[in-house]
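Have a look at the structure below, then the notes.
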Amino acid sequence: MKELMEPIRTIVDFKKGVVNPDRIIKRRVSDIQGMYADNHALEKFLSQDNPLIYQVREVNIPEESGHIIYSTTIIYPGKVGQEYFMTKGHFHAKEDTAEIYFCLEGEGYLLMQTKEGKVFTIHMKPGVLGYIPPYWGHRTMNTGDKEFVFLTLFPGDAGHDYEIVEKHGFAKIMIEENGKPVLRDNPKYTPLNG
Ligand code: PAN
Ligand code: ZN
């Protein structure tokens, strides 16, 4: 008989994310440096304290079809130049897999993009659920003044393709202008099919 996995009980603190995660991934400015538009501001940050931009608190779930992987992400408030602190962003390696983002605390944006360069944003605040359909790359940014916390759920076999974002970037960036977040063309973006 097939041996079944035991069910899991996870506690999620709305402000702090998954309590007692199996793994915490921490990303600092240096881990996503090539993705910020303002090289000058970036160098200043790197020569100083290389701050923590976000952490992902993960539960061990098999990376296999049939499972649903879940984790919480906390993006700290801050900007590199005028550009808000953000995640690396990725496409799923298995491109026909969707994902759910559910905001627990703070506020920010979920930026999505197709490989053809079509862009869509969802303003996230507590209670907002963003559905990322298959084939859309995704990145999030904290546009508020406190921690932005969200829960994510995605198919076990989705996988992550970061390389494509490292090479091409996202078509748009989210920057602060007159105290407000605005979407602007990313000067570092190179179209995928161009
Ligand atoms: C999320 C992300 C998480 C961190 O769980 O992995 O928010 O962002 P990066 O993976 O882009 O660094 C998700 O989309 N998983 O598929
Ligand atoms: Zn994802």
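The values are calculated or read from the model by the stated rules, or taken from the named source; none is laboratory data. The structure presented is a predicted model; accordingly, all values stated were derived computationally and were not measured. Every residue, glycine among them, receives a Cβ derived from its backbone with ideal geometry; neighbour counts consider all protein chains shown. With ligands, DNA and RNA removed, areas are computed over all heavy atoms of the protein, side chains included. Shrake-Rupley method; radii C 1.70, N 1.55, O 1.52, S 1.80 Å.
Worth a mention:
- Pairs meeting the criteria (first residue in the stretch 152-173 and open to solvent by 50 Å² or more (accessible area, probe 1.4 Å), second residue within 11 Å of ligand 1 (Cβ to nearest atom) and at pLDDT below 95, beta carbons under 8 Å, at least 6 apart or on different chains) are E166/M35.
- P51 meets all of the listed conditions (1) within 16 Å of ligand 2 (Cβ to nearest atom); (2) without any contact (Cβ under 8 Å) to a residue 60 or more places away in the chain but one, namely (1).
- Restricting attention to the stretch 80-100, the residues being under 15 Å from the mean Cα position of the chain (by Cα) and outside any loop (DSSP other than H, G, I, E, B) number 8.
- The listed residues are E58, E3, and the only one of them that is over 19 Å from the mean Cα position of the chain (by Cα) and among the acidic types (D, E) turns out to be E3.
- Hits in the stretch 123-135 (condition: within 15 Å of ligand 2 (Cβ to nearest atom) and surrounded by fewer than 21 Cβ atoms within 10 Å (Cβ to Cβ)): L129, Y131, I132, P133, P134, Y135
- Those residues of the stretch 107-118 which are open to solvent by 40 Å² or more (accessible area, probe 1.4 Å) and touching a residue at least 24 places away in the same chain (Cβ under 8 Å), in sequence order: E107, Y109, K115, E116
- Counting the residues of the stretch 115-170 that are under 22 Å from D31 (Cα atoms), among the β-branched types (V, I, T) and touching a Leu at 6+ places or on another chain (Cβ under 8 Å) gives 3.
- Of all residues in the stretch 117-174, those satisfying the criterion of being in a loop (DSSP other than H, G, I, E, B), within 14 Å of ligand 1 (Cβ to nearest atom) and of a type in the set (A, V, I, L, M, F, W, C) are W136, A158, F170.
- Residue within the stretch 74-87 that is touching a Leu at 6+ places or on another chain (Cβ under 7 Å), within 11 Å of F148 (Cβ to Cβ) and within 14 Å of ligand 1 (Cβ to nearest atom) present: yes
- In the stretch 55-79, residue least open to solvent (accessible area, probe 1.4 Å) [restricted to those that are within 15 Å of ligand 2 (Cβ to nearest atom) and assigned to a loop (DSSP other than H, G, I, E, B)]: I61
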